[in-house]
1. For region 3-66, state which chymotrypsin sites (Phe, Trp or Tyr not before Pro) are in a DSSP loop and have at most 16 other beta carbons lying within 10 Å of their beta carbon.
2. Sticking with the crude label model, points 7 Å out along Cα→Cβ, report the distance from Ala198 to Ala167 in nm, one decimal please.
3. Name the lysines eligible as straight-distance cross-link partners of Lys201: C-alpha to C-alpha under 17 Å, and not fewer than 8 places from it in the same chain.
4. Can you pull out the chymotrypsin sites (Phe, Trp or Tyr not before Pro) in region 71-125 that DSSP calls coil and that have at most 14 other Cβ atoms within 10 Å?
5. Using the Kirkwood radius built from alpha carbon pairs, what does the Stokes-Einstein equation give as D for region 48-189 at 10 °C and 1.306 mPa s, in µm² per second?
6. Would you mind counting up the charge near Met179? Only other residues with Cβ under 13 Å from its Cβ, with Lys and Arg at +1 and Asp and Glu at -1.
7. Under a straight-distance cross-link criterion of Cα-Cα below 18 Å, which aspartates and glutamates are reachable from Lys185, leaving out those fewer than 8 residues away in the same chain?
8. Straight-line reach from Lys19: which aspartates and glutamates have Cα under 15 Å away, leaving out those fewer than 8 places along the same chain?
Amino acid sequence: MREAHAVTMPRKLNLGSGKDWREDYFNVDVASHWEPDAVVDLNLPLPIGRPLATARFGTVVLENHSFDEIIALDTLEHIQNLTTAMTSCLNLLRVGGLFRISVPYDLSWGAWQDPAHVRAFNERSWLYYTDWFWYMGWREARFDIAHFELGLSSIGEALKKQRVSGADLARCPRAIEQMRVVLRKRWLTEAEKQQVGAFLKRPNFTADPLVASIQVSPLGGNVAPGLAPAP
């Protein structure tokens, strides 16, 4: 067991830390045997604004807009209620903060070899958290894609040597192993606020299983179940 000692609470969050425990991050995981700083189920809204017992920092209170960076490395594919986890991350990040993600590509071997995986990802998996923020019911902020890259498998590397183009590589099964994305939080513009407001007022709002579950957080934000250059 890690020895408890007084340290400053980091402003960086490591989701699903597992065996990738990091000294300079606040590490959370659903499994206590990995000895994270706090045991947290990412399928549920994070306890923002409420006391949380931690191994290194005693009792802390997570606040909105308090983390400079969040990492989720090979984690999101294990989360059943991903919209809830993504909303929690949006709330926790400061404006301009970065959410660094790595996930298995949906055509890779690794996407479904792990029985604990509940989803895989492709280039369009980020639309609801960026351009389609209104469908998430996000009233204050959203993500933009700051960086995007595809990691080649050994098959992909061999095809690349044969001068197969990037677009064709992405469509070739087993050629891409991993997708790495960096999302940046920003405030909504006034036009975007009007857009989400109009969507939430529509007559059949409560019939939608995703947006009907959105609740306004008492601290602001919500509690809900193209490529750009690197920053």
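1. Here the sparse-neighbourhood loop sites are Trp21.
2. 3.2 nm
3. Straight-distance partners of Lys201: Lys193.
4. Sparse-neighbourhood loop chymotrypsin sites (Phe, Trp or Tyr not before Pro): Trp109.
5. 96 µm²/s
6. Summing Lys and Arg as +1 and Asp and Glu as -1 gives -2.
7. Lys185 reaches Glu63, Asp68, Glu69, Asp131, Glu140, Asp144.
8. Answer for Lys19, where 15 Å is the Cα cut-off: Asp29, Glu35, Asp37, Asp74, listed by chain and number.
Since every read-out is calculated from the coordinates, none of them should be taken as a lab result. Everything numeric here is computed off the predicted structure, so don't read it as measured data. Every residue, glycine among them, receives a Cβ derived from its backbone with ideal geometry; neighbour counts consider all protein chains shown.
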